[in-house]
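As structure tokens, the structure follows; a few thoughts come after it.
The values are calculated or read from the model by the stated rules, or taken from the named source; none is laboratory data. Because the structure is predicted, anything quoted here is derived from the model rather than measured. No Cβ is skipped: glycine too gets one built from the backbone with ideal geometry, and neighbour counts run over all protein chains shown.
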Amino acid sequence: MRRRGYQVLVIHPGSQNLRIGRACDITPITVPTVIARKQRTEVPINPEYSQGIIRPRDPDAMDTDEDPVRSSSLSSTLLTSLLSILTVIQFTNKLSVISTALRTRMKFFKVRATPNATNSASAANEAFQPESILEHNDPFQLDWLDSSTEEDYLVGDRVIPEPF
């Protein structure tokens, strides 16, 4: 006599695991729902870099060994100073737009700004010292796939090995 649910096949496609088994099985076959495939395009050696907002350097703090009046390239010095002024103006404009948007959102959500937020954040960042974790003690260490396999893709347990 067969158990009830012996002829019923259950396929449960979960978000983390795919479970397949009979309705009467206590422990169905479990396969992680993950697929790894080889990258088809080459990774560029020199990736494109797009510059975001960067605070320009203070022109007074820059080291200049040569006197601009005695310099043979007075026009290049003038051009450099004009570019630095334009950079400062662009940065100030972008920063004011961001600050205005942030103040508007904070006012909408009725959140008050901390008066010395910049100083307290700087002090907290200076006080923090990063801790180096040895590889054998790292609970979040990833075991990367071996790229020497000839297969185009890997599925399930071959991608994420079971923990010991």
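Structure data summary
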{"item": "Inter-residue pairs, beta-carbon under 9 Å, first among the aliphatic types (A, V, I, L, M) and in the stretch 88-99, second surrounded by 12 or more Cβ atoms within 10 Å (Cβ to Cβ), 6+ apart", "result": "Val88/Pro56; Val88/Pro59"}
{"item": "Boolean, Val155 is at pLDDT 80 or above, surrounded by 11 or more Cβ atoms within 10 Å (Cβ to Cβ) and within 30 Å of Val34 (Cα to Cα)", "result": "yes"}
{"item": "Some residue of the stretch 126-147 being part of a helix (DSSP H, G or I), at pLDDT 80 or above and hydrophobic (A, V, I, L, M, F, W, C)", "result": "yes"}
{"item": "Members of the stretch 20-37 found to be in a strand (DSSP E or B) and touching a residue at least 24 places away in the same chain (Cβ under 8 Å), listed by number", "result": "Val31, Pro32, Ile35, Ala36, Arg37"}
{"item": "All positions within the stretch 97-120 that are of a type in the set (Gly, Ala, Ser) and either modelled with pLDDT under 90 or assigned to a loop (DSSP other than H, G, I, E, B) (or both)", "result": "Ser99, Ala113, Ala117"}
